[in-house]
Amino acid sequence: MSQKGVSFLVFLLVIFLSVVWDAGAQTPQDLYTRGMQAARQGEYSQALQYLHRAVDLHPEFAKAHAALGTVYLQLGDFPASEKTLTHALHIAPDLVQAASNLALLYARTERFEDAIRVYQNLIQKHPESLHVWLGVASAYQQMDRFEEAIEAYQESLKRSPNHTAAMSNLASCYEAVKQEGQAIRYYKAALAQDPNLSMANGNLGAIHQKRGELDKALPLLEKAVQHDPRFTAARYCLGLVLTKKREFQRAAVAYQQVIAQQSDHVGAYYNLAQVFFRLKRPEEGKQAMEVYRRLNAIAQEIEDRERAILIEPNNPLKHYRLGLVYAKYGKIDEAISAFQAALDVDTNAHYALNALARLYILRGVELQDAIAHAEKAFHLTQSPQYMQTLALAYFQAGKRENALKAIQTAIEMAPENDAFRQTLTKMKEADEKTK
């Protein structure tokens with residue numbers, strides 16, 4: 001069991017240059033100084049005002065553009081951040097602040113190859129920079145390129161031997177490549193620096209649990225969930241340890257807490273049922289077992305579809321069918337990813353375009369993309385269902401006239417389809433309510 005992702009410290013390498021605040025300033029440099037001061041204090045709206053004024057007065061002020069990009073990154077406005085950071089690098093190609101934060105932005109938006117490219121360029125110019133080595137290591141780790149991540153984390157530790165996040169993440173990478181001894185070594189090293197690290201405690205505890213070393217596992221897992229109550233994987237392992245130690249009441253509580261955090265956790269329901277039977281609570285045990293059987297059937301259906309993709313990774317229909325299964329069980333994020341994967345294989349997979357548009361409509365997000373996908377799907381295959389999707393996308397985006405024309409077209413194409421007429425009726429009813 002490894003906690004998903006990497007230690008959070010690695011992700012917060014947003015770089016602000018150190019400045020001194022002069023309260024009476026009005027020049028671009030002084031406005032920049034005020035903006036950075038506000039940013040460091042978390043006053044991002046004020047920071048944006050100062051920094052925008054700075055670049056208005058001095059359009060070639062690269063540091064101010066970079067600072068704007070950094071603030072936008074902190075706010076999660078990735079398009080604005082990318083635009084301003086890229087502009088800063090256009091003005092000053094060697095500006096470390098801009099390049100570092102652009103790489104971080106790429107990583108946060110899962111464009112890991114781009115992030116690695118930027119980090120590698122920075123390493124060539126700044127080989128002793130700790131945050132650059134940590135950044136590239138994190139990107140490698142998130143791409144499951146563990147050998148390269150290990151090398152980069154080792155380089156990080158050469159520059160900061162007691163860096164606990166680097167040690168914890170290095171240990172996690174060693175786990176991934178089945179070098180358990182090295183994983184234990186670095187988890188212990190991290191805990192020697194900070195005994196309260198939840199990730200290191202939880203993952204090391206899980207290793208001991210799998211080895212059957214229950215007395216070693218228990219205090220580590222208890223500490224992990226104490227310091228991070230949302231560490232679901234550690235709490236589940238804690239339940240397994242308590243079950244083995246026959247502390248059934250505590251185990252039941254642990255499994256129930258896991259389920260509260262992850263309602264489709266198959267293992268937690270199975271083990272909760274077993275614990276209830278041990279506690280002479282048969283009705284609760286039967287209920288938990290029934291949920292387990294249902295969830296296990298869902299998991300098996302998903303696993304079958306995933307296995308089909310492993311066999312035929314370049315078949316867009318396999319990705320599409322996996323997406324349908326995910327959508328069927330309410331796993332919308334996973335369904336979107338599966339439909340996008342189908343389109344990565346075949347950009348003209350009209351069924352995936354339509355399905356992806358439907359999910360965007362359902363969520364009320366990416367509506368312009370939903371319109372574009374539905375238009376392209378219909379252009380590729382003159383399906384009235386695709387025209388209905390386009391109508392719904394238009395309607396959700398507030399383009400009522402376009403929506404009514406589209407659904408009327410769908411009705412003309414398939415006059416026997418009652419669903420299209422029901423869509424038209426609902427659109428008219430919604431319009432009446434807004435008048």
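Among the residues making up the range 109-135, a single one is among the β-branched types (Val, Ile, Thr) and not in a helix (DSSP H, G or I): Thr109. Considering only residues that are of a type outside the set (Gly, Ala, Ser) and more than 29 Å from the chain's Cα centre (by Cα), which ones fall in the range 52-82? If the condition is that a residue be of a type outside the set (Gly, Ala, Ser) and more than 29 Å from the chain's Cα centre (by Cα), then His52, Arg53, Val55, Asp56, Leu57, His58, Pro59, Glu60, Phe61, Lys63 are the ones that fit. Candidates Ala370, Ala299: the one that is surrounded by 23 or more Cβ atoms within 10 Å (Cβ to Cβ) and touching a helix residue (DSSP H, G or I) at 6+ places or on another chain (Cβ under 9 Å) is Ala370.
Taking Ser138 as the residue in question, decide whether it is on the phi < 0 side of the Ramachandran plot, part of a helix (DSSP H, G or I), not assigned by TED's automatic domain parsing to the domain that holds Leu73 and not basic (Lys, Arg). It is true that Ser138 is on the phi < 0 side of the Ramachandran plot, part of a helix (DSSP H, G or I), not assigned by TED's automatic domain parsing to the domain that holds Leu73 and not basic (Lys, Arg).
The values are calculated or read from the model by the stated rules, or taken from the named source; none is laboratory data. In this text, all values refer to a predicted model and were calculated from it rather than measured experimentally. Don't worry about glycine lacking a Cβ; one is built from the backbone with ideal geometry, like all the others, and counts go over all protein chains shown.
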